[in-house]
Amino acid sequence: MSIWLVMLALGIITYAIRLSFILLLGKLEMPDLLTRAFRFVPIAALSALIAPDMFLHQGKFVGTLANPRLLAALLAILVAWRTRNALLTIGSGMGCLWLLELWLH
């Protein structure tokens, strides 16, 4: 039971911290440069999560076209660029990765 109370307390604390920034800074006007910079935060965070998995395999750099993850990522980038459809991009990238994994292994 105590683990649930700890999880609940941490959830409430996390929510309160985030809410405090919204309430305190929500009325302030941010500079235009900062607003434009914040638009790139999700892209940068996603890239930081995906890039190591694309180029590293068992701790070693694999930057060749024999890397199925790199090929699937290139296909997903192409689909995203042409269609601008997130679900189709994810589906095509995952499908390509699965097919390449089956074919190469």
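The values are calculated or read from the model by the stated rules, or taken from the named source; none is laboratory data. Predicted, not measured: the structure shown is a model, and the values here were computed from it. FYI the Cβ positions are ideal-geometry reconstructions off the backbone, even for glycines, and counts take in every protein chain you see. Please note that ligands, DNA and RNA were not included when accessible areas were found on the heavy atoms of the full protein model with its side chains. Shrake-Rupley method; radii C 1.70, N 1.55, O 1.52, S 1.80 Å.
Do you know which residues across the range 95-105 are open to solvent by 70 Å² or more (accessible area, probe 1.4 Å) and either part of a helix (DSSP H, G or I) or in contact (Cβ under 8 Å) with a residue 12 or more places away in the chain (or both)?
Trp98, Leu99, Leu102, Trp103, Leu104
What are the residues in the range 67-94 that are open to solvent by 30 Å² or more (accessible area, probe 1.4 Å) and assigned to a loop (DSSP other than H, G, I, E, B), if any?
Those that are open to solvent by 30 Å² or more (accessible area, probe 1.4 Å) and assigned to a loop (DSSP other than H, G, I, E, B): Arg84, Asn85.
Here are some residues: Thr35, Thr64. Which one is outside any helix (DSSP H, G or I) and within 30 Å of Ala80 (Cα to Cα)?
When all the criteria are applied, what remains is Thr64.
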